[in-house]
Amino acid sequence: MADNDELNQLWCDQTTGPPLKGEYMLTIAIERANRFDRTIKARNWRECLVAALLTAIFAFIAWKSPNALARAGNLVVAASGVWIVFCILRYGREAKSPEADQSLLDFQQALLRKYEHQIRLLKNVKYWYLLPPYVGLLIANAGVAMARTAEHGPVWPQWIAMAIYTAVFGCIWWLNEGQAVQHLRRERDKLLRELNSAPGDGL
Amino acid sequence: MVAENAVQDSRAEFLRIYEQFAPALQRLAGAYAAAHEDREDLVQAIAAALWRALPAYRGESSERTWLYRIAHNVAITAIVKERKREQREVTLAAPPDLPSAGPNAEQDLLAEEKRRMLFAAIRHLPAADRQITVLHLEGLSGAEIEAVTGVPEGAVATRLTRIREKLRRAIRSREAGDGR
């Protein structure tokens, strides 16, 4: 091949078919941009709604709790809802996608930082997302178990409940730290490979 | 009323920029995705990013460099994320354009084959080299490439020399492979 002029010629002569009409593309662009905004808004609303429900339900359960320990545990779970939404809104915003009109080097660095931030956030899920409600549930269960013991009732339902809580929280932990983090790491590593490939790779 | 006018202005601006750069965006998409539908999807994603970025554009950089920044940034995000698409690229590569049946049919066929090799070679370049190559082939100057990529103009020239050599080698080896 192929001096530079020939390269330019080959590049510019390529036939990619007629581009979509401007008005049609505008409709698609607006729809895609709106869909993205709607998705983000819906996610934020969903998280806030779940947290509000969690807080309301466990505040009610705390009010009806048989003793102070169970009440304290349920209040911890209720407070966890507010805490989790605070963390998602506060730290989740830091992980938003970088602005697309930055220079490519700046964008790629920002994209890498975003991946690192998301990975860190997910790796710490056990501390800010799982531990507060889990500890609250354990305390509440201990309180209920104490109340039952005092009434000479069976305690085994509390043991089963704790086993179920542990299994559910363990599953959430595995999904976040195992699956989601691995997925993000794969994407980050692919980006790094794209940015750092040695000359002559892949051909 | 003011908001409505702003939206109308944005629409007009979008249409003007898109009409002007649509063929270039299609070529750019071809440097990232082989399958026709993936290229279309990428152009649409770039158009959506353009629509979102338009209200904030204050003309600090030229329209062309601004648009290429958006386009390449959207493309690099897409290729990192789209694992399934990448796998499909192998099986659903776009069919080559049919050459004309006229007297130059053989030459057209050869040119098309070379073009296909060029695109394949560009797609296999590391991202930074691919971006510089596309911008260069689109006729941007060294200073403009620096404005888009952030890579200093001197380094762009050095890299282009290396990239051209790499592309030449790649196409030769593909030609040799096809000739066997």
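Things to note:
- Here the mean projected area of the convex hull built on the C-alpha positions of the protein assembly as shown is 25.5 nm².
- Pairwise FRET efficiency - A:W156 versus A:R43, Cβ, R0 = 35 Å, nearest 0.05: 0.35
- Annotation for A:E116 and B:E37: the two label points, set 7 Å from Cα along the Cα-Cβ direction, are 3.8 nm apart.
- Angle in degrees between helix A:156-173 and the longest Cα principal axis of chain A, rounded to the nearest 10: 10 degrees
- Acute angle (nearest 10 degrees) that the helix A:181-196 long axis makes with the longest principal axis of chain A, alpha-carbon atoms: 20 degrees
- Total charge dipole magnitude, chain A, about the Cα centre, Cβ charges on Lys, Arg, Asp, Glu only, Debye to nearest 20: 1400 debye
- Measuring between their Cα centroids, region B:54-73 and region B:24-42 lie 19 Å from each other.
- Annotation note: trypsin sites (Lys or Arg not before Pro) in region A:44-129 located in DSSP loop regions with a Cβ neighbour count of at most 15 within 10 Å are A:K64, A:K96.
- For the protein assembly as shown, a simple Cβ point-charge model (Lys and Arg +1, Asp and Glu -1, everything else neutral) yields a dipole of about 1840 debye relative to the Cα centre.
- Region B:99-155 and region A:111-154 have Cα centres separated by 54 Å.
- Pairs exceeding 20 Å between alpha-carbon atoms, taken from A:K114/A:K190; A:K96/A:K126; A:K41/A:K96; A:K96/A:K123; B:K81/B:K166; B:K114/B:K166: A:K96/A:K126; B:K81/B:K166.
- Backbone N within region A:8-48 under 14 Å of label point (7 Å from B:L15 Cα along the Cβ vector): A:21-28
- Dipole of the protein assembly as shown, positive end: most advanced residue of A:V181, A:L53, A:I119 [Cβ charges, Cα centre]: A:L53
- In region B:19-61, trypsin sites (Lys or Arg not before Pro) in a DSSP loop with at most 15 other beta-carbon atoms within 10 Å: B:R58
- Rg/Rh (Cα only; Kirkwood hydrodynamic radius) as it applies to region B:96-180: 1.08
- With R₀ fixed at 56 Å, the C-beta to C-beta distance from B:Q8 to A:I172 puts the FRET efficiency at about 0.70.
- Percent of Cα-Cα distances greater than 21 Å, calculated over region A:21-196: 63 percent
- Two-site FRET efficiency, A:D5 against A:L131, from Cβ-Cβ distance with R₀ of 45 Å, rounded to 0.05: 0.10
Every read-out reported here was derived from the displayed coordinates using simple, explicitly stated rules and does not represent laboratory data. The structure presented is a predicted model; accordingly, all values stated were derived computationally and were not measured. With ideal geometry, Cβ positions are generated from the backbone for all residues, glycine too; neighbour counts draw on all protein chains shown.
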